[in-house]
Amino acid sequence: MADNQLTFADLESKVGEELGVSGWIEVDQSMIDSFAKTTRDNQWIHVDVERARTESPYHAPIAHGFLTLSLIPALAAEIGTQPQGVSVAINYGLDRLRFLAPVKAGARVRLRSTLISLEERAPGQHLMKSASTMEIEGEERPAFAAETLLLLLTEG
């Protein structure tokens, strides 16, 4: 996790700017299988390696779109975009999510985040909207692009 010294004022001044890029993380078959087991989404294109190699248009098993989406919190924390004084950040939702390219088993992905807006909703509550793009190493198209919403609650 990044050592973050941002204040809310600092973050407000970054609206429209890239907040950062995470490191790469490998999405291997073990991760895909664990996600399939947890979510009970055992579609063959994800978990049947041999069938995916021969029958899939991607010639390999691919990660669930929601698996790649679920990596956002950890990779965003690595970037370190939450300002000081936040006691909890709550996933508030997504806008404009589009899955654009498959993540093949063994591929590496990283998160690129740009701040769209930061608004005070109520005392001690700020809504942060970011453009989140999950890039795939060596691929032209990203896995997905979405606007992510976080409700930031401050201490006290």
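Using the structure shown, decide if Thr7 is at pLDDT 95 or above and on the phi < 0 side of the Ramachandran plot. In short, no.
Residues in segment 53-64 that are farther than 19 Å from Phe99 by Cα and not acidic (Asp, Glu) were compared, and the one that is farthest from the chain's Cα centre (by Cα) is Thr54.
Just the residues that are surrounded by 13 or more Cβ atoms within 10 Å (Cβ to Cβ) and either hydroxyl-bearing (Ser, Thr, Tyr) or more than 18 Å from the chain's Cα centre (by Cα) (or both), please, taken from segment 14-35. Those that are surrounded by 13 or more Cβ atoms within 10 Å (Cβ to Cβ) and either hydroxyl-bearing (Ser, Thr, Tyr) or more than 18 Å from the chain's Cα centre (by Cα) (or both): Lys14, Val15, Ser22, Gln29, Asp33.
Considering Leu97, Leu11, the condition of being over 18 Å from the mean Cα position of the chain (by Cα) and within 22 Å of Leu150 (Cβ to Cβ) is satisfied by Leu11 alone.
If I ask for residues that are assigned to a strand (DSSP E or B), among the aliphatic types (A, V, I, L, M) and in contact (Cβ under 8 Å) with a residue 40 or more places away in the chain, which ones from segment 114-151 would you list?
Here is the first cut: in segment 114-151, the residues assigned to a strand (DSSP E or B) are 114-122, 125-136, 144-151.
Of the ones still in play, those that are also among the aliphatic types (A, V, I, L, M) are 115-116, 118, 122, 127-128, 131, 134, 136, 145-146, 149-151.
Across segment 114-151, the qualifying residues are Leu115, Ile116, Leu118, Met128, Met134, Ala145, Ala146, Leu149, Leu150, Leu151.
If the condition is being buried (at least 17 other Cβ atoms within 10 Å of the Cβ) and farther than 19 Å from His64 by Cα, then segment 86-110 contributes Val86, Ala89.
The values are calculated or read from the model by the stated rules, or taken from the named source; none is laboratory data. Here the structure is a predicted model, which is why all the values come from computation and not from measurement. Please note: Cβ atoms are built from the backbone with ideal geometry, for glycine as well, and neighbour counts cover all protein chains shown.
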